[in-house]
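**Q** Next up is a structure, given as structure tokens.
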């Protein structure tokens with residue numbers, strides 16, 4: 001095991017990080033990093049709202065998916081999708097979280113303004 005106080009989890013696209021102990025769920029790590037991941041089931045793999053994406057280079061940073069996660073995600077696991085409430089940190093890794101809808105709308109508006117375009121939504 002690594003000789004430090006924990007594993008570093010980086011949440012993209014914001015680049016926020018948290019150092020957590022071995023076995024901490026990504027959902028717990030996100031809260032420690034100040035990253036909001038929506039969930040309604042209280043971390044029981046029931047609502048599927050806490051999906052995150054892990055690129056192939058970081059899959060070894062997580063415990064392999066358990067039965068509940070395999071049943072719920074099926075083929076999405078092959079695309080690097082994991083449930084933040086079920087995926088446990090085993091090493092340093094970087095994960096991609098879904099962008100907040102309001103934040104996404106603001107980002108699109110700013111990008112359109114930079115290009116000199118009108119955004120019909122505003």
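Read-outs throughout are calculated quantities, based only on the coordinates presented, and are distinct from any laboratory measurement. In this text, all values refer to a predicted model and were calculated from it rather than measured experimentally. Glycine gets a Cβ as well: all are built from the backbone with ideal geometry, and neighbour counts include every protein chain shown.
**Q** Checking the conditions here, which among 77, 73, 102 is part of a helix (DSSP H, G or I), free of Cβ contacts under 8 Å to residues at least 40 places away in the same chain and surrounded by fewer than 12 Cβ atoms within 10 Å (Cβ to Cβ)?
**A** On the way: 77 fails: surrounded by fewer than 12 Cβ atoms within 10 Å (Cβ to Cβ); 73 fails: surrounded by fewer than 12 Cβ atoms within 10 Å (Cβ to Cβ).
Residue meeting the stated conditions: 102.
**Q** Continuing with the same structure: Restricting attention to strands (runs of 3 or more DSSP E) lying wholly within region 1-68, give those where 3 or more residues are free of Cβ contacts under 8 Å to residues at least 60 places away in the same chain.
**A** Ranges flagged: 16-20, 51-54.
**Q** Another question, then. Go through (1) out of contact with any strand residue (DSSP E or B) (no Cβ under 6 Å at 6 or more places or on another chain); (2) surrounded by 12 or more Cβ atoms within 10 Å (Cβ to Cβ) and name the single condition residue 42 misses.
**A** (2)
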